[in-house]
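Worksheet: one structure, shown below.
The values are calculated or read from the model by the stated rules, or taken from the named source; none is laboratory data. Because the structure is a prediction, the values reported are computed rather than measured. Every residue, glycine as well, gets a Cβ built from its backbone with ideal geometry; the counts of neighbours run over all protein chains shown. The protein model used for the area step is the full one, side chains on, heavy atoms only, and it has no ligands, DNA or RNA in it. Shrake-Rupley method; radii C 1.70, N 1.55, O 1.52, S 1.80 Å.
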Amino acid sequence: MQKQRYREISWPAVAALALVAFAVTLGSLAAGQSENKAPSAEKAQTKVVLLGTGTPRPYPDRSGPATAIVAGARAYLVDFGPGVVRRTAAAAEKGTPELESTNLKIAFLTHLHSDHTAGYPDLILTPWVMGRTELDVYGPEGLEEMTKHVLEAWHEDIEIRTKGLEQRHALVVRAHDVKPGVVYKDERVTVTAFRVPHGQWPEAFGYRFDTPGKSIVISGDTSPSEEIVAHCQPCDVLIHEVYSPESVLIMPDYKTYRAKYHTSTSELAEIANRTKPGILVIYHTSGRGPNGRIPDDQLLREIQKTYHGKVVIGHDLEVY
């Protein structure tokens, strides 16, 4: 009887234990699969955040040129116009925490025009004060020299913050004058610089970003460029500057200036027809006519006369 009772009690217990063990094993496998999937899912997540879509004209709703490519948990900046760090903070609050100021560690510069670089001291100093440990910046010849002068200009501030009561760690900024080609690569992104024509500037770049999720080309400031065409075949996102032929500037021969430095709506439509990007995002819109600001819908109409793909006029803090 004792043996019989033992069998009656033990076999259900054994079965229950087996079921528990099986469930634990399945849970462990599921957890392992989740852990294995997480990195690839992270790598595939790529966002383009328009931080500043403006020009030298100080419109309050358009900060100076700055764009962020967010791949996984890492952010990469292109250009740093006025207000760049405040714009990244706003983007972080709106749902892109990768753009918190202390995460701004890698940046690229298209050219040295003031509207693209006036935020450079902000990019160097503000995230450092907030705790960032280092910054690497890549761009055309002259970037290293500019960086040296920015650090010299704020020398006293840096000295007091590092040697005074704040006891900040050393400010580490590495500037890299680069040439066309692959200028940066990590496990999330490959960044290729290419020359674009921008008037009298001896060197101006556009950039192509290749991530596991997207291929993104950003023009920088440029007149119509075969390099843009070559580097966006194919590309998922083309971010390109533009001006309306109806826009005017206060300078003696602004039409010649426009033609040498920038790309008109009709010229951009031709570029888009040749490259066929997944989406064409317009930024750095130069559109002030004799009667004031040229509306977005007019710029779109001018482009869509001959280009019928997906195109949007970009605004600060939009995400694509």
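Would region 146-270 count as rounded, prolate or oblate if I go by the C-alpha gyration tensor, calling it rounded below 1.5 in a/c and otherwise prolate when a/b exceeds b/c, oblate otherwise? Numbers along the way, then the final one.
Values: a/c = 2.86, a/b = 1.50, b/c = 1.90.
Note, shape of region 146-270 comes out oblate.
Report, to the nearest 10°, how far helix 84-93 tilts away from the longest principal axis of the Cα atoms in the chain, using its own Cα long axis and a range of 0 to 90°.
Rounded to the nearest ten degrees, it is 30.
What aspartates and glutamates sit close enough to LYS47 to cross-link, taking a C-alpha to C-alpha distance under 13 Å and skipping anything fewer than 8 places away on the same chain?
Once the sequence-local aspartates and glutamates are set aside, what remains near LYS47 is GLU98, ASP210, ASP236, GLU318.
Given a 1.4 angstrom probe, what's the average accessible area per residue across the chain, in square angstrom? Intermediate results must be reported in sequence, preceding the final value.
Numbers: 15860 Å² over 320 residues.
Value for the chain: 50 Å² per residue.
Taking amide hydrogens as modeled 1.01 Å from N in the peptide plane, which residues meet the under 5 Å criterion relative to MET130, leaving out close sequence neighbours?
For MET130, whose amide H was placed from the backbone, there are no distant partners under 5 Å.
For region 137-152, take each phi angle, set θ = phi - 60°, evaluate the Karplus expression 6.51 cos²θ - 1.76 cosθ + 1.60, and give the result in whole Hz per residue in order, putting x for glycine and proline.
Going residue by residue, I get 10, 10, x, x, 4, x, 5, 4, 5, 4, 4, 4, 6, 4, 5, 5 Hz, with x marking Gly and Pro.
What ranking, highest mean first, results for peptides 72-78, 140-146 when packing means the other Cβ atoms within 10 Å averaged over each residue?
Working: 72-78: 21.3, 140-146: 16.4.
Answer by packing, highest mean first, reads 72-78, 140-146.
May I ask you to give the percent of accessible area on region 204-314 that is carbon plus sulfur, with a probe radius of 1.4 Å?
Details: 2420 of 4690 Å².
The C+S portion of the solvent-accessible surface of region 204-314 is 52 percent.
Give the residues of region 280-298 whose amide nitrogen is closer than 17 Å to a point set 7 Å from the Cα of SER266 in the direction of its Cβ.
Label zone hits: 298.
Taking the Cβ of THR102 as the center, what net charge do the other residues with Cβ under 15 Å away carry, scoring Lys and Arg +1 and Asp and Glu -1? Intermediate results must be reported in sequence, preceding the final value.
On the way: positive: ARG74, ARG86, LYS105, ARG132, ARG168; negative: GLU93, GLU98, GLU100, ASP122, GLU134, ASP136.
Charge balance in the 15 Å sphere: -1.
Less than 10 Å Cβ to Cβ from ASP177, Lys/Arg counted +1 and Asp/Glu -1: what total charge do the surrounding residues give?
On the way: positive: LYS179; negative: GLU141, GLU144, GLU145, GLU203.
Once positives and negatives cancel, what remains is -3.
So what is the relative contact order for the chain, in percent, with contacts set as C-alpha pairs under 8 Å and at least six apart? Write down the numbers at each step before the final one.
On the way: 621 pairs, mean separation 47.2, N = 320.
Relative contact order of the chain: 15 percent.
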